[in-house]
Amino acid sequence: MQTNFLVIGSGIAGLNFALHAASKGHVTVITKKKIAETATNKAQGGIAAVIAKEDEFSAHIEDTMKAGAYHNDKKAVKFMIENGPAAITRLIELGVQFEKEQGLFGKPGKLRLTREGGHGLRRIAYKGDYTGQEIESILVKRVKEHPNIEVIENAFAVDLIKKGKKILGAKIIKNNKIDVIFADAIILATGGIGQIFQFTTNPEIATGDGMAMAIRAGAKMKDLEFVQFHPTAFAAPKKKGSYGNSEPKFLLSEALRGEGAILVNSHGERFMKNYSPLLELAPRDIVARSIYQELNKGPVYLSFQRLSQKKRDELKKRFPQITQTLKKYHFDLKKDLIPIVPVAHYSCGGIKTDLFGRTNLKNLYAFGECAYTGVHGANRLASNSLLEAVVFSNQVVKDVKPKHELKMINIPHERITNDKELLKSVSEIRKSSREISWQYCGIVRTKKGLKEGIFQIKKLIEKLSAIQKSFGNEINRESIEVANMLEVSLEIMKSALKRKKSLGCHFIAHL
């Protein structure tokens, strides 16, 4: 199969790029499951940009740099933030309905803005507590309407096709068969890595596939050690093998704290004053570590009890999905203490790109969470991720041009197997890998622990290879996905071991 632009991934970055590129040539979007099953679809908070009159680019830049421990690429940060208002405008033009203030004569007024941790003021545009879902649904609709865009669902990208330092396309599994797609430009928009950890609220597809394919192809990676852990995932009643006193279930948006929720320990004490003068609105790395430490003493809760009755009543309208989901577990957002734990959430590092999404390999581009643009530094500022995805996917299309070249290359013939014993063995390796990554490369790390983690991951890589050989090196999606998880886990641990001092969300405990 031949196309002009091959987009691997269907989140906000991939679909936004596809809509731009469709004016230049034919676009093929492949996605592991259904088109809307992405991390974008799970994003609750919103998208940050300088919109309010009292806000300034310099203030958003400073908040981003400070949250990132000044490890950010300031040129990239400036570029993203100055292009932020245009990104919001684009989404609105596509049909995204952000919340608005009530204007004159009952008509919608200016955008309603909220605040999250690390931001000096309200600058986050949102839609209830399902901003990502709103954006994703509009982008999916526009993509499906476009005659120049083809979407292939349930297609798993196995590897990039490389000749010298040039990427020619990708090998995929579709309908239990191996196929090849050649393209003038190959776009990695595969999202994050959350599933490499035992506890995460990332979707099941977030197994680091794009990063792993890029690593195998020889693409440069950067800052993989900076993995952000979201401070507040709802903790359902404990089950065997769960985390602390709980079983993480789903995210409780940082915007809840922006609207006045506080964190309390098992004694009802507001403990964040012991960790940061910014209290609950400190950057995520600080809040996550603070909760992690408090969990050693007992459960930690999100509390709304200090808010007025009127404010608590408003929460139901402001956070409808969170309210309804908590209700299923018999928790009331307005009156109950909500048990929470931190979980793996976002990769601040990734495939190294420039401002146009170019990698060191010809024809290969990356953006969204799988890419390293430099904007997040050592810790991502809340709601900058959707902004990054739109801004950089807006820019990438200015650089790529369809060449309409016919590519021919011999691909080794491989067969697919779905042997039950193989799948069982692979599933056991996946489980072990996730536990190892959480134990040795989680919220708090040690030099000794990272070395042990690297040793154990390497042993699992050897074990997986031996299992695959015993089945004649036949491939399947499950074994490749686990190989990707192991490869990314190993690279993260190696990067973490090299960074000997704590910085941002990379925290080394010197025991």
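The values are calculated or read from the model by the stated rules, or taken from the named source; none is laboratory data. Keep in mind the model is a prediction, meaning the values are calculated, not measured. We place every Cβ from the backbone using ideal geometry, glycine too, and count neighbours over all the protein chains shown.
Taking the stretch 408-450 only, how many residues are modelled with pLDDT under 90 and either part of a loop (DSSP other than H, G, I, E, B) or surrounded by 12 or more Cβ atoms within 10 Å (Cβ to Cβ) (or both)? Before the answer, list the steps.
So in the stretch 408-450, the residues modelled with pLDDT under 90 come out as 408-423.
Add one more test, that the residue is either part of a loop (DSSP other than H, G, I, E, B) or surrounded by 12 or more Cβ atoms within 10 Å (Cβ to Cβ) (or both), and what stays is 408-419, 422-423.
Of the residues in that region, 14 qualify.
On the given criteria, is THR89 buried (at least 17 other Cβ atoms within 10 Å of the Cβ), among the polar types (S, T, N, Q) and closer than 19 Å to GLY45 by Cα? Before you say what the answer is, go through the steps one by one.
Numbers: buried (at least 17 other Cβ atoms within 10 Å of the Cβ): no; among the polar types (S, T, N, Q): yes; closer than 19 Å to GLY45 by Cα: yes.
Taking the combined requirement at face value, the residue does not satisfy it.
I'd like to verify a number: residues in the stretch 77-97 that are outside any loop (DSSP other than H, G, I, E, B) and in contact with a helix residue (DSSP H, G or I) (Cβ under 9 Å, 6 or more places away or on another chain), how many?
Going residue by residue through the stretch 77-97, those that are outside any loop (DSSP other than H, G, I, E, B) are 77-82, 84-94.
Within this subset, residues satisfying the condition of being in contact with a helix residue (DSSP H, G or I) (Cβ under 9 Å, 6 or more places away or on another chain) are 77-82, 84, 86-88, 90-91, 94.
So the answer is 13.
Quick check: anything in the stretch 352-361 part of a loop (DSSP other than H, G, I, E, B), small (Gly, Ala, Ser) and outside the structural domain of LEU256 (by TED's automatic domain parsing)? Lay out the reasoning, then the answer.
At the first step, the residues of the stretch 352-361 found to be part of a loop (DSSP other than H, G, I, E, B) are 353-357, 359-361.
Retained after the next criterion (residues that are small (Gly, Ala, Ser)): 357.
Then drop every residue that is not outside the structural domain of LEU256 (by TED's automatic domain parsing), which leaves 357.
Within the stretch 352-361 (the criterion being part of a loop (DSSP other than H, G, I, E, B), small (Gly, Ala, Ser) and outside the structural domain of LEU256 (by TED's automatic domain parsing)), the answer is yes, since at least one residue qualifies.
Scan the stretch 301-328 for residues that are part of a loop (DSSP other than H, G, I, E, B) and free of Cβ contacts under 8 Å to residues at least 24 places away in the same chain and report the count.
Step one: list which residues in the stretch 301-328 are part of a loop (DSSP other than H, G, I, E, B), which gives 304-308, 319.
With free of Cβ contacts under 8 Å to residues at least 24 places away in the same chain added as a condition, the list becomes 308.
Of the residues in the stretch 301-328, 1 are part of a loop (DSSP other than H, G, I, E, B) and free of Cβ contacts under 8 Å to residues at least 24 places away in the same chain.
Can you find even one residue in the stretch 182-193 that is among the β-branched types (Val, Ile, Thr), in a strand (DSSP E or B) and closer than 30 Å to LYS100 by Cβ? Talk me through it step by step, then tell me what you get.
Applying the first criterion (among the β-branched types (Val, Ile, Thr)) to the stretch 182-193 yields 186-187, 190, 193.
Filter once more, keeping what is in a strand (DSSP E or B): 186-187.
If we keep only those that are closer than 30 Å to LYS100 by Cβ too, we end up with none.
Looking through the stretch 182-193, none of the residues is among the β-branched types (Val, Ile, Thr), in a strand (DSSP E or B) and closer than 30 Å to LYS100 by Cβ.
Among the residues in the stretch 148-167, are any within 21 Å of the chain's Cα centre (by Cα), outside any strand (DSSP E or B) and buried (at least 24 other Cβ atoms within 10 Å of the Cβ)?
no
For the stretch 339-354, check the following and say yes or no: at least one residue is surrounded by fewer than 21 Cβ atoms within 10 Å (Cβ to Cβ) and without any contact (Cβ under 8 Å) to a residue 12 or more places away in the chain.
Yes.
For the stretch 460-511: of the residues being in a loop (DSSP other than H, G, I, E, B) and exposed (fewer than 15 other Cβ atoms within 10 Å of the Cβ), which is modelled with the lowest pLDDT?
Going through the stretch 460-511, the residues in a loop (DSSP other than H, G, I, E, B) turn out to be 471-474, 476, 499-502, 504-505, 507, 509-511.
Checking the rest, the ones that are also exposed (fewer than 15 other Cβ atoms within 10 Å of the Cβ) come to 472-474, 500-501, 509-511.
Numbers: GLY472: 75, ASN473: 73, GLU474: 77, LYS500: 95, LYS501: 95, ALA509: 90, HIS510: 78, LEU511: 63.
The residue in question is LEU511.
For PHE105, indicate whether it is outside the structural domain of VAL287 (by TED's automatic domain parsing), modelled with pLDDT of 95 or more and not in a loop (DSSP other than H, G, I, E, B). If you could, list the steps in order and put the result at the bottom.
On the way: outside the structural domain of VAL287 (by TED's automatic domain parsing): yes; modelled with pLDDT of 95 or more: no; not in a loop (DSSP other than H, G, I, E, B): yes.
Here the answer is no, as PHE105 does not meet what is asked.
May I ask you to list the residues in the stretch 293-335 that are charged (D, E, K, R) and within 25 Å of the chain's Cα centre (by Cα)?
Initial filter on the stretch 293-335 (charged (D, E, K, R)): 294, 297, 306, 310-314, 316-318, 327-328, 332, 334-335.
Of everything in the stretch 293-335, just one residue is charged (D, E, K, R) and within 25 Å of the chain's Cα centre (by Cα), namely ARG318.
All but one of (1) under 19 Å from GLY45 (Cβ atoms); (2) touching a Pro at 6+ places or on another chain (Cβ under 8 Å); (3) free of Cβ contacts under 8 Å to residues at least 24 places away in the same chain hold for GLY117; state the number of the condition that does not hold.
Condition (3) is where GLY117 drops out.
Regarding TYR301, is this residue under 20 Å from ARG270 (Cβ atoms), in contact with a strand residue (DSSP E or B) (Cβ under 6 Å, 6 or more places away or on another chain) and not polar (S, T, N, Q)? Spell out how you get there, then give the answer.
On the way: under 20 Å from ARG270 (Cβ atoms): yes; in contact with a strand residue (DSSP E or B) (Cβ under 6 Å, 6 or more places away or on another chain): yes; not polar (S, T, N, Q): yes.
Considered against the rule, which asks whether it is under 20 Å from ARG270 (Cβ atoms), in contact with a strand residue (DSSP E or B) (Cβ under 6 Å, 6 or more places away or on another chain) and not polar (S, T, N, Q), TYR301 comes out as yes.
Exactly one of (1) crowded, with 21+ Cβ neighbours inside 10 Å; (2) at pLDDT 95 or above is unmet by LYS78. Its number?
Looking at each condition in turn, LYS78 falls short on (1).
Output the residues belonging to the stretch 290-300 that are part of a loop (DSSP other than H, G, I, E, B) and surrounded by 14 or more Cβ atoms within 10 Å (Cβ to Cβ). Walk me through how you get there before you give the answer.
Going through the stretch 290-300, the residues part of a loop (DSSP other than H, G, I, E, B) turn out to be 296-300.
Listed by number, the residues that qualify are PRO299, VAL300.
Checking MET272 against (1) crowded, with 21+ Cβ neighbours inside 10 Å; (2) at pLDDT below 90; (3) under 23 Å from ARG122 (Cα atoms), which test does it fail?
(2)
Quick one: in the stretch 364-379, which of the residues that are in a loop (DSSP other than H, G, I, E, B) and modelled with pLDDT of 95 or more is surrounded by the most Cβ atoms within 10 Å (Cβ to Cβ)? Walk me through it before giving the result.
Initial filter on the stretch 364-379 (in a loop (DSSP other than H, G, I, E, B)): 367, 373-379.
Now drop any that are not modelled with pLDDT of 95 or more, which leaves 373-378.
On the way: THR373: 25, GLY374: 24, VAL375: 28, HIS376: 32, GLY377: 27, ALA378: 24.
The extreme case among them is HIS376.
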